[in-house]
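The values are calculated or read from the model by the stated rules, or taken from the named source; none is laboratory data. Since this is a predicted model, take the numbers as computed values, not measurements. Don't worry about glycine lacking a Cβ; one is built from the backbone with ideal geometry, like all the others, and counts go over all protein chains shown.
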Amino acid sequence: MPQLPETLSQAGLQFTVATEEDFDDIMAMSQDIYGGLDYLPTRYTSWLQETNRIVILARKHGKVIALESVCVIDDGDTMLVEGLRVAPQERGKGVAGVLLRFCNELVKFKYPEVKVCRLTRDDQLGPKDFQKYRLITKQGILLVRFRAEDLKLRLSELGVVGDIQSSLPTSSPKCPPVRLDHTAIHRLYLTTELMQGVLPNSTIIQDWQPFKPLPSNMAILLKKDIDWMVDDVSNPAVASLCTFPFRVPIGDDWYYLNIDMFGKNLDLVQQQFLSHLQCHTTSLKGHVMCQMFLDPLLWKPMAEFCQKILNVELVKEYTEQCVVESDVI
Ligand SMILES: CC(C)(COP(=O)(O)OP(=O)(O)OC[C@H]1O[C@@H](n2cnc3c(N)ncnc32)[C@H](O)[C@@H]1OP(=O)(O)O)[C@@H](O)C(=O)NCCC(=O)NCCS
């Protein structure tokens, strides 16, 4: 652990590296966060094993009161802040600020080559935040819920059936979306300029994590369970990443399906959305919270499409996912 600046050591907090044994204490202070869509219960164990990640707890009188994780990505240039949370009774007292500064010092000590800090937020950013952060990109957040069995039925009524071609080149927008294999992902994202016009500010956002299209990041991404799609491998206009569904603490038998969508063509976005839904509703049972991140201008027509055509319920009005960055100094 690095030597703490005086202001931090005066905060009366102790900082420890998180372990398996801390899981229950962390869950106890995480009730209801992210509207019940917390990914941490699913990710915690694997986070502790990742070599490029640290998970830090803040304790007060020995009790866990806050958590932050930092993951080093982008060839070692970027520290990505994730999972930040403070126990409800300790909020509004500056704990998050102290923990963020502590982790910043720790990362500078452990990874001196890190240049910038990035985080993805969905709360309303104010002028004070923009003094600290540059905006890298933003996406609209469309959150809908449905019962998997109901949507399966609706998709078959709409004639959304059958296979998606696997990495076969397509040329017409009428062709179904193409599901990419690892070779095609490598080729498209790393060896061509084709994704430049599709990705927002050259950023691949996967389930809240923003990555630059670099080989080291691809190695991280390709270890995950993700369906990668494009409309056309030779000239993509829309690309999407669907993270395999996982359970969330909102209730028993609730799953979360995360779809990151890039590109501005509404028809193609609809097609890829339907393909992802079709793929996953075949195996899903029970309740699903499906969150799609998409170009802000497409939010309204896609919200209408979800409600009027798919008959699924809109959970909240328009909100934004913002990827922000500050220099590590
Ligand atoms: C958001 C949360 C962590 C803030 O904790 P807090 O201890 O009440 O916040 P503070 O009193 O330290 O005051 C805000 C400070 O945290 C920072 N902050 C607030 N929300 C933040 C967020 N979502 N991401 C990063 N920093 C945030 C502010 O910029 C400020 O920093 P400063 O001290 O450098 O000015 C807390 O309300 C919480 O746990 N909420 C539920 C979980 C959640 O929404 N986490 C955000 C994930 S993106």
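Of note:
- Sole residue being over 30 Å from W254 (Cβ atoms), of a type in the set (S, T, Y) and within 16 Å of the ligand (Cβ to nearest atom), chosen from Y111, Y133: Y133
- Residue, surrounded by the most Cβ atoms within 10 Å (Cβ to Cβ), within the range 67-91, restricted to residues that are near the ligand (Cβ under 6 Å from one of its atoms) and either charged (D, E, K, R) or modelled with pLDDT under 95 (or both): R85
- Among residues of the range 220-273 being among the aliphatic types (A, V, I, L, M) and surrounded by fewer than 17 Cβ atoms within 10 Å (Cβ to Cβ), the one that is farthest from the chain's Cα centre (by Cα) is L266.
- Per-region count, the range 116-130, residues surrounded by 15 or more Cβ atoms within 10 Å (Cβ to Cβ) and not acidic (D, E): 7
- The listed residues are H280, H276, and the only one of them that is modelled with pLDDT of 95 or more and crowded, with 17+ Cβ neighbours inside 10 Å turns out to be H276.
- Cβ-Cβ distances below 6 Å connect the following pairs, each with a first residue in the range 118-144 that is over 22 Å from S240 (Cα atoms), a second residue that is away from the ligand (no atom under 11 Å from the Cβ) and not basic (K, R), and a separation of six or more residues or different chains: R134/E325.
- Residue in the range 77-88 that is farther than 15 Å from A18 by Cβ and small (G, A, S) present: no
- Test: residue in the range 246-263 that is under 18 Å from L155 (Cβ atoms) and of a type in the set (D, E, K, R): no
- Selection of the range 92-105 for residues being away from the ligand (no atom under 11 Å from the Cβ) and surrounded by fewer than 20 Cβ atoms within 10 Å (Cβ to Cβ) yields only E105.
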